[in-house]
Amino acid sequence: MKTKHQGWGWMLAVDFFFAGMGGGMLVIAGIIELFIGGGNTSLLGNILGPLFMCVGCGFLVLELGRPLQAWRVFMNPKAILTIGAWIMSIAIVSGFIYASFGIASDAIFWKDWTFFRQFFALVNIVTGLVVATYPGVLLGRHKGRPFWVGPGIMALFLLSSMVTGAAAHLFSGFLVSAPVSQEVLNNLPGLVAAMLFLQVVLWCGYIWIKLTGTTEAEAASAKRWLNGDLADGFKFLFLLMGTVLPLVMVLIPTILTQGIGSLLVLLGGVSMRMLVVRSGEDRTWLPGEQKYRARLPLGCEDFMKKVWDNK
C-alpha cells in the first residue's frame, strides 16, 4: 500500500519485454520478406512474434488490475495507452495472418497470394516498429521520473526490441530450420552483434548525459546504475551477461555458442526492462506533495481497524 501509484511492478517490465521482442520479430520478418524474399525466415519465429505480444498483453492486463474491465483501455481515443492497445492488436492479427502464409497445408488456400503476403509484411513493419518503440514513448513522457524523461529512453527501447527480436529469430531458426534461408541465418549473428555493440554505446552515452548534462534529480537517478542498488544488475546482468558476452558468442560460428548467445541476449533484454522500471521509483515531487502523502492513512491505523471491526 505504501508504494501504490508511486511505482510499477515487475509484470509491466515483462510486458515491455515480450511486446517489444514480438514487435521486433515482426519488423525483421517483414523486412526480410520485402527485400530478400518470402519463406526466408523460420515459421516458428513468425508465429512466436505475435504470440509474444499476446503474452505481453496478458501481463499488462494483470498489472493494470481488474482483468474483466480490460476492454476499457480501447475506449479513450485521446489516451496514449488506447493508441498503443489498438496498434498492438492490429500487429498481433497481422502477424498471425503473415505467419499463416508459411504453413504447408491445403487449408491455407491463400498461401500463394504473394501480394497479400507482402501487404501484411508491410503492416508488420509499421505496427511492429510502433510496438517496439511504444514502451520508451510511454516512459519518456513521465516528466516526474528523472531517469525516464526525454527521447533517449525511446531509442534504447527500440534498439533492445530489435536486438531481442533478431536473437529470437536466430534461435527459432536453429530449432525449426525449414524454411529458413541459410543466407539469412548466416547473416543474423552479425546483425545481432552489431546491434549489441550499438546498445553498449547508447547506454553509456545515456548514463553519461544523465550524470553530467541534466538536472540534479536525473544525475542522482543515474548514479543508482553506476554505484547504487541497480549497479550490480546493470553491470553484471545487462552489460556483461546480456550484451558483451553474447556479442562475442554469436560471432563464433557454431550452433551451440550462437544459440546460448541468443538466449543471453533475451536475458539482457528482460533485465534491462526490470532495471528501468525499478528506476521509476525515483521521482520529482510537486510542492507539498510529500507532506500530503505523509498524512494519508496506510491502512493499519487503529481508527481504521475499529471501523472495519464494527462492520
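The values are calculated or read from the model by the stated rules, or taken from the named source; none is laboratory data. Since this is a predicted model, take the numbers as computed values, not measurements. Note: ideal-geometry Cβ built from the backbone for every residue, glycine included; neighbour counts use all protein chains shown. Surface areas here come from the heavy atoms of the whole protein model, side chains and all, with no ligands, DNA or RNA. Shrake-Rupley method; radii C 1.70, N 1.55, O 1.52, S 1.80 Å.
Reported count of residues in region 245-283, each being in contact (Cβ under 8 Å) with a residue 24 or more places away in the chain and either of a type in the set (S, T, N, Q) or open to solvent by less than 70 Å² (accessible area, probe 1.4 Å) (or both), is 24. Residues in region 194-244 that are open to solvent by less than 10 Å² (accessible area, probe 1.4 Å) and small (Gly, Ala, Ser): 221, 222, 231, 242.
Here's the yes/no breakdown for (1) within 14 Å of residue 29 (Cα to Cα); (2) buried (at least 23 other Cβ atoms within 10 Å of the Cβ):
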| site | (1), (2) |
| --- | --- |
| 148 | no, yes |
| 152 | no, no |
| 156 | no, no |
| 163 | yes, yes |
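Inspect region 69-76 for any residue being assigned to a helix (DSSP H, G or I), of a type in the set (Lys, Arg), over 14 Å from the mean Cα position of the chain (by Cα) and surrounded by fewer than 19 Cβ atoms within 10 Å (Cβ to Cβ) and give the result as yes or no. Scanning region 69-76, I find at least one residue that is assigned to a helix (DSSP H, G or I), of a type in the set (Lys, Arg), over 14 Å from the mean Cα position of the chain (by Cα) and surrounded by fewer than 19 Cβ atoms within 10 Å (Cβ to Cβ), so the answer is yes.
Tell me whether region 79-97 contains one or more residues that are at pLDDT below 85 and not in a helix (DSSP H, G or I). Checked against the condition, which is being at pLDDT below 85 and not in a helix (DSSP H, G or I), region 79-97 yields at least one hit. What residue, among those in region 22-54 that are among the β-branched types (Val, Ile, Thr) and farther than 20 Å from residue 175 by Cβ, is surrounded by the fewest Cβ atoms within 10 Å (Cβ to Cβ)? Within region 22-54, the match that is surrounded by the fewest Cβ atoms within 10 Å (Cβ to Cβ) is 36. Considering region 126-149, and only residues there that are free of Cβ contacts under 8 Å to residues at least 40 places away in the same chain and among the small types (Gly, Ala, Ser), the residue that is farthest from residue 90 (Cα to Cα) turns out to be 140.
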